[in-house]
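Everything on this sheet refers to the single structure shown next.
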Ligand SMILES: *Cc1c(COP(=O)(O)O)cnc(C)c1O
């Protein structure tokens with residue numbers, strides 16, 4: 001049996017995989033089982049921020065593996081403590097809870113919001129306003145937070161306490177907050193799975209003010225936008241807001257699973273022993289990898305991300321067969337006249353990997369993709385859009 005056949009027989013049928021098996025790679029080049037080379041503009045969904053087999057990241061991970069691979073949270077561990085310190089120093093947040101995924105990071109944020117509501121306004125203030133078209137994860141509660149009905153089908157009843165406002169519609173947000181007993185607002189600044197839509201800056205500032213005026217937590221889901229992806233270390237930094245809770249995951253571990261929930265001043269003392277936990281959370285190997293990634297997301301790299309972003313926008317905006325280009329930094333959605341699935345398949349045949357978000361082609365290249373490879377890939381995408 002081939003790997004594809006074994007996969008089909010034994011792996012739960014939850015993924016519509018591309019007909020492609022990836023076996024190795026280096027940087028932004030990846031290879032399938034026949035040795036065919038691809039320029040990767042998907043990075044395992046914004047995870048491999050420095051591409052495949054990044055040397056410094058690998059060394060950090062292996063050095064930690066040589067010491068100890070897991071300690072549990074019953075004990076202190078250096079990589080975990082240093083990663084939390086680095087995250088706080090670079091964001092101004094006060095404390096970090098570590099988990100293993102974006103969904104779990106958001107679960108922790110939701111717990112924080114509910115406890116905050118309880119303390120400030122009473123147990124009945126547990127409603128969290130999220131946005132339509134958002135995506136916050138696959139657990140039942142983060143699905144409930146996700147403002148897309150199709151994800152709720154088959155799994156009802158959903159967790160109570162989530163209402164969804166249209167993105168960029170401040171009036172609707174205001175009305176929902178007035179008519180519900182709320183504890184928090186939770187938003188993605190660039191909706192990823194929802195179609196790579198960046199929220200308006202003025203709207204986000206208004207939402208921040210509204211949250212303050214009503215003593216609600218402002219939770220920003222940076223699972224996808226974080227860790228340099230949008231051209232800032234975290235996207236909220238380019239929106240000029242100060243969230244109370246920031247969650248992140250995908251790009252943080254450089255390819256290893258780690259989630260982080262960063263808690264600001266208002267909530268730093270909210271959790272006490274026993275209120276949350278995770279066996280694997282803050283795993284030393286993942287934390288060591290993440291530390292190496294964060295250390296390298298500096299001003300020079302972020303400038304580079306912005307330049308590459310400008311290049312992609314300039315190449316594709318208004319190009320033949322391209323209806324629109326959306327997003328921020330190296331998180332880009334391309335709406336084509338051709339069916340997105342067709343464009344993606346054609347690009348794959350020509351050695352370029354891109355992925356989908358709703359009806360758009362989504363680009364999430366490595367932050368350090370060599371310009372030459374990026375140019376070559378964008379040229380192919382552009383040609384396929386034209387057809
Ligand atoms: C991917 C994603 C999640 C879920 O992360 P997992 O690691 O798959 O649990 C949550 N929120 C956003 C914005 C995401 O892009």
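The values are calculated or read from the model by the stated rules, or taken from the named source; none is laboratory data. All figures in this text were calculated on a predicted structure; none of them were measured in a lab. Neighbour counts run over all protein chains shown; Cβ positions are idealised from the backbone, glycine included.
Filter the range 170-200 for residues that are without any contact (Cβ under 8 Å) to a residue 12 or more places away in the chain and out of contact with any strand residue (DSSP E or B) (no Cβ under 7 Å at 6 or more places or on another chain); which is nearest to residue 229 (Cα to Cα)?
171
Please return the ranges of helices (runs of 4 or more DSSP H) entirely within the range 97-160 where 2 or more residues are in the same structural domain as residue 270 (by TED's automatic domain parsing) and at pLDDT 95 or above.
Numbers: elements: 102-121, 140-145, 149-152.
Here the list reads 102-121, 140-145.
Please determine whether any residue of the range 125-146 is under 20 Å from the mean Cα position of the chain (by Cα), within 12 Å of the ligand (Cβ to nearest atom) and under 19 Å from residue 212 (Cβ atoms).
Yes; the residues of the range 125-146 include at least one that is under 20 Å from the mean Cα position of the chain (by Cα), within 12 Å of the ligand (Cβ to nearest atom) and under 19 Å from residue 212 (Cβ atoms).
Which residue is nearest to residue 294 (Cα to Cα), if the candidates are limited to the range 233-248 and must be within 16 Å of the ligand (Cβ to nearest atom) and part of a loop (DSSP other than H, G, I, E, B)?
Going residue by residue through the range 233-248, those that are within 16 Å of the ligand (Cβ to nearest atom) are 234-236, 239, 243, 245-248.
Of the ones still in play, those that are also part of a loop (DSSP other than H, G, I, E, B) are 234, 243.
On the way: 234: 11, 243: 20 Å.
This residue is 234.
Assuming residue 62 fulfils every condition listed in (1) surrounded by 15 or more Cβ atoms within 10 Å (Cβ to Cβ); (2) in a helix (DSSP H, G or I) apart from one, which condition is it?
Evaluating residue 62 over (1) surrounded by 15 or more Cβ atoms within 10 Å (Cβ to Cβ); (2) in a helix (DSSP H, G or I) leaves (1) as the failure.
In the list 360, 348, 306, 320, which residue meets the criterion of being outside the structural domain of residue 251 (by TED's automatic domain parsing), under 30 Å from residue 90 (Cβ atoms) and touching a residue at least 60 places away in the same chain (Cβ under 8 Å)?
Within the list 360, 348, 306, 320, the selection yields 306.
Just checking, does the range 113-120 include any residue being buried (at least 24 other Cβ atoms within 10 Å of the Cβ), within 16 Å of the ligand (Cβ to nearest atom), under 16 Å from residue 268 (Cα atoms) and in contact (Cβ under 8 Å) with a residue 60 or more places away in the chain?
Filtering the range 113-120 down to residues buried (at least 24 other Cβ atoms within 10 Å of the Cβ) leaves 113, 117.
Subsequent filtering for residues that are within 16 Å of the ligand (Cβ to nearest atom) retains 113.
Restricting the remaining residues to those that are under 16 Å from residue 268 (Cα atoms) gives 113.
In the following step, the residues that additionally are in contact (Cβ under 8 Å) with a residue 60 or more places away in the chain were identified as 113.
Yes, the conditions are met somewhere in the range 113-120.
Hey, can you tell me all the residues within the range 256-274 that are touching a helix residue (DSSP H, G or I) at 6+ places or on another chain (Cβ under 7 Å) and either surrounded by fewer than 18 Cβ atoms within 10 Å (Cβ to Cβ) or under 19 Å from residue 64 (Cβ atoms) (or both)?
256, 257, 258, 259, 260
Of 49, 35, 25, which residue is assigned by TED's automatic domain parsing to the domain that holds residue 377 and either within 16 Å of the ligand (Cβ to nearest atom) or part of a helix (DSSP H, G or I) (or both)?
Details: 35 fails: either within 16 Å of the ligand (Cβ to nearest atom) or part of a helix (DSSP H, G or I) (or both); 25 fails: either within 16 Å of the ligand (Cβ to nearest atom) or part of a helix (DSSP H, G or I) (or both).
Testing whether each residue is assigned by TED's automatic domain parsing to the domain that holds residue 377 and either within 16 Å of the ligand (Cβ to nearest atom) or part of a helix (DSSP H, G or I) (or both) leaves just 49.
Quick check on residue 219: is it within 15 Å of the ligand (Cβ to nearest atom), within 24 Å of residue 331 (Cα to Cα) and either outside the structural domain of residue 259 (by TED's automatic domain parsing) or in a strand (DSSP E or B) (or both)?
For residue 219, the condition - within 15 Å of the ligand (Cβ to nearest atom), within 24 Å of residue 331 (Cα to Cα) and either outside the structural domain of residue 259 (by TED's automatic domain parsing) or in a strand (DSSP E or B) (or both) - is met.
Listed here are the residues, each with its yes/no results for (1) within 23 Å of the chain's Cα centre (by Cα); (2) surrounded by fewer than 19 Cβ atoms within 10 Å (Cβ to Cβ); (3) farther than 28 Å from residue 347 by Cβ; (4) without any contact (Cβ under 8 Å) to a residue 40 or more places away in the chain.
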site	(1), (2), (3), (4)
16	yes, yes, no, yes
26	yes, yes, no, yes
35	no, yes, no, yes
40	yes, no, no, no
71	no, yes, yes, no
92	yes, yes, yes, no
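Mind telling me which of the residues 213, 208 ends up being modelled with pLDDT of 95 or more and closer than 30 Å to residue 298 by Cα?
Just one listed residue meets the conditions, 208.
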